[in-house]
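Trainee: Just passing along the structure, written as structure tokens.
All of the numbers you see were taken from the coordinates with simple rules; none came from a lab. As the structure is a computational prediction, the values presented were derived from the model and not from experiment. Using ideal geometry, Cβ is built from the backbone for each residue, glycine included, and neighbour counts are taken over all protein chains shown.
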Amino acid sequence: MDKVIDIEERIPSLREKRRRKTNKKFLFMLTVFVVALLAILYFQSPLSKLETIKVSGAVLHEQAFYEEKSGLTIDNSLWSFSTGDIEESMEKIEGVQKVSVSREWFRNIEIVITEWKTIAYLEDGGQYSLLLESGETFPTGMLLPEAESPVLNNFKNPDTLKRITAQLLKLDDTVYHLVSEIIVTGDEKDSDSITVYMDDGFEVRAFISTFAEKMAYYPDVTAQLNSYEKGVIDMEVGTFFTPFSKVYGLVEEEEPIDEEGE
């Protein structure tokens with residue numbers, strides 16, 4: 001026979017369960033209220049406002065220019081904008097390759113700018129523009145002392161400029177940093193011929209179409225010419241060397257050079 005439990009005996013247990021359930025509900029509501037209150041206080045306080053904007057990597061434009069283009073200002077809400085939207089907008093700026101925007105610590109924003117590298121200067125009537133590795137030209141008006149790049153002269157044809165950009169990007173760094181100036185010597189119909197002045201004193205005659213390929217042998221060629229005076233290295237067809245005294249004095253037969261250095 002089953003034991004019959006008096007309802008009076010169960011009342012204390014039921015009351016205790018009801019009390020615990022009520023307490024849990026109260027604690028949950030209290031927690032939600034406190035979190036909501038803290039959130040409201042935070043967003044109303046200076047702690048949620050932007051305190052500093054740090055820009056790094058700026059060369060082509062001033063830091064203040066990038067700050068303005070970001071659309072951010074001090075005391076903006078730190079959570080009122082999307083870093084992805086700012087990056088997408090700023091990557092449309094002339095000369096900019098990539099932008100990274102991140103929130104740092106509690107009240108700071110860091111904007112890291114990656115600009116296209118300058119590979120040459122374009123000279124036109126004493127005014128200079130930067131030729132960027134993207135193929136864009138960027139007006140500057142003067143040479144930047146920290147940029148070790150060759151000067152390009154007489155590059156008036158956009159297609160010619162595009163082709164020399166591709167060739168410069170293929171050059172070995174050692175050879176690239178020896179190039180001082182490149183001048184287009186061909187006419188409008190034949191704009192492939194160039195004269196190149198090197199920092200080590202030599203003058204190179206070449207074609208744009210094979211410039212990088214031929215200049216790969218430049219260190220080996222100059223190593224063979226240590227005992228010679230400076231002169232012109234003709235790399236247009238084969239490789240020939242003529243001292244300056246013969247080029248700009250009496251014209252004599254050119255001396256062939258072994259490109260492989262053998």
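Trainee: In debye, nearest 20: dipole of segment 48-115 around its Cα centre with unit charges on the Cβ of K, R (+) and D, E (-)?
Mentor: Values: 7 positive and 13 negative charges, 39 e Å.
Charge dipole of segment 48-115: 180 debye, to the nearest 20.
Trainee: Could you list, bin by bin from short to long, the percent of Cα-Cα pairs of segment 118-256 in 5 Å steps?
Mentor: 2, 10, 20, 23, 19, 13, 8, 4, 1
Trainee: Using Cα pairs under 8 angstrom and six or more residues apart, how large is the relative contact order of segment 48-115, in percent?
Mentor: 43
Trainee: Using alpha-carbon positions, what is the distance between the centroids of segment 217-251 and segment 57-108, in Å?
Mentor: Here the answer is 51 Å between Cα centres.
Trainee: Please compare each pair in LYS54/LYS92; LYS69/LYS117; LYS117/LYS230; LYS170/LYS214; LYS49/LYS69 to a cut-off of 23 Å on the Cα-Cα distance and tell me which ones are over it.
Mentor: Numbers: LYS54/LYS92 20 Å; LYS69/LYS117 21 Å; LYS117/LYS230 32 Å; LYS170/LYS214 11 Å; LYS49/LYS69 19 Å.
Beyond 23 Å between Cα atoms: LYS117/LYS230.
Trainee: So what is the relative contact order of segment 118-256, in percent, for Cα pairs below 8 Å that sit 6 or more residues apart?
Mentor: In percent, rounded to a whole number, it is 15.
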